[in-house]
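Q: This is the structure, below, for whatever I ask next.
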Amino acid sequence: MYALVDCNNFFVSCERAFQPWLEKRPVVVLSNNDGCVVARSNESKPLVPMGTPFFKLKGLVDSGKIEVRSSNYTLYGDLSRRVMNILASTGLPLEKYSIDEAYLDLEGLPAEQQRPFCLALVRKIRKWTGIPVSIGIAPTKTLGKVANHFAKRYPGYKGVCVIDSDEKREKALSLTTIDDVWGIGWRSAPKLMSLGVHTALDFVQRPESWVQKHMGIVGVRTWRELQGERAVAEDRDERRQSICTSRSFAELVQDSAELSLRVSDFAGICAEKLRHDRSRCRSVGVFIHTSRFRKDLPQYYPFVQVRLDTPSNDTETIVGAALKAFRRAYKPGYLYKRAGVTVDDITASDYLEASLFETPSEALRREKNDTVSALMDHFNSAHNNLLRLASQRSGHYAEGIRREHCSPLFSTEWSDILEIK
């Protein structure tokens, strides 16, 4: 059996953990530059659709009907690590799925102990971190998602729902709409509904050949998982196939030098993520966009890619390629609102296909750049952006981003520690 542990309304819960007066209040968390709503408390969901631009909410905020917070990813990341450390301390096999979700393999526990164990885990995580979690227990990961949904929705489960029989499985599937099923994409759900499949139970009652015809092998895996048969790989390849780092700017930017600094920052972050994943990329792309909301201004949305001779993850190479792409993409006379860097064609870092025409001096330079990048990661893990290229901005990467409603770094900065009076 699997236990899917999912933090409830995670970003909002992180804010509430250190600001208890936000409990039972409608709360929303905004995207970078306070752009739009990316997280909501249960109380705010009837009032605010996901993705609502912040400027449309100012009336509700000014009147005190909604509490708003800027995204505080340092705080969220720290509390996520604390939750995951508690899960790891159980000694059960752990698979981290996202910042607020993880699977525990309960095969080592007798069936009668699984629910009491998870109930105690819910209480422990809430007491030690302040984060409420829900746990869905089921024989497959997809059914675990279904069980978790009921654990969140119905207080009677006390945070833990178990699907351990065909009767419970069919009942849960009959109450689960097809667009709520993990593995059914937003494109597939309308198609299935048009074919008369409205619930997860409708889906599993179709023949496997029908599912294969309309949804392919991915749909068949989901179908089997909902039948109670494990079909999702146990050891998934966590290596990302593409990485993108982008930001919207607080103000419109026209200056080429300022834009190149920001592109350098984004490329540096992409290089760090590649090294974290033990990956290398062969393609670096840059986009710079004007504001699509400013119809009174000229519009321009270029995207330029540069191909590397040898797959790389070192900061100097990635930043250099990004700046080369930026110079091709940039045109004067436009006011830019957003920029970003993408890295694609990703391979494992331990598999390096050198260029046929690479000279010994080029190979030595590549090795030197790898060493320098490793040193940068070592020092920057404790002091973010302490070591950087001259083409990058000094200070924290988040500087220059509008965060007018950001909460303190309660758990990572001594100067922001809670004061008790």
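The values are calculated or read from the model by the stated rules, or taken from the named source; none is laboratory data. Treat the numbers as computed from the prediction; the structure is a model and nothing was measured. For neighbour counting, all protein chains shown are included, and Cβ atoms are generated from backbone atoms with ideal geometry for every residue, glycine included. These area figures cover heavy atoms from the full protein model, side chains too; ligands, DNA and RNA do not enter into them. Shrake-Rupley method; radii C 1.70, N 1.55, O 1.52, S 1.80 Å.
Q: Counting other Cβ atoms within 10 Å, which trypsin sites (Lys or Arg not before Pro) in segment 209-299 have at most 11 and lie in a DSSP loop?
A: R236, R292, K295
Q: With a 1.4 Å probe and every protein chain kept in, tell me what percent of the accessible surface of the chain is carbon plus sulfur.
A: 54 percent
Q: I've got another one for you. How large is Rg/Rh for the chain, to two decimals, with Cα atoms and a Kirkwood Rh?
A: A ratio of 0.99.
Q: For segment 34-178, what proportion of DSSP beta bridges, expressed in % and rounded to the nearest 5, is antiparallel?
A: 60 percent
Q: Out of G268, G340, G196, any idea which swings most in a Gaussian network model of the chain, alpha carbons joined below 10 Å?
A: Comparing G268, G340, G196 in a Gaussian network model of the chain, the most mobile one is G196.
Q: I'd like the orientation of helix 256-276 relative to the chain: the angle between its Cα long axis and the longest Cα principal axis, in ° from 0 to 90, rounded to 10.
A: 50 degrees
Q: Taking only protein heavy atoms and a 1.4 Å probe, what accessible area per residue, in Å², does segment 59-120 have with all protein chains in place?
A: I get 47 Å² per residue for segment 59-120.
Q: Per residue, how big is the convex hull around the C-alpha atoms of segment 209-286? Give it to me in cubic angstrom, could you?
A: Per-residue hull volume (Cα only) is 179 Å³.
Q: Oh, and also: Roughly how many Å² is the accessible area per residue of segment 222-350, as a whole number, for a 1.4 Å probe?
A: Per residue, segment 222-350 has 47 Å² of solvent-accessible surface.
Q: Which whole-number percent is the relative contact order of segment 53-139 (Cα, under 8 Å, 6+ apart)?
A: Relative contact order of segment 53-139: 17 percent.
Q: Among the listed pairs K96/K158; K273/K368; K127/K152; K96/K152; K24/K141, which have their C-alpha atoms separated by more than 25 angstrom in this model?
A: Beyond 25 Å between Cα atoms: K24/K141.
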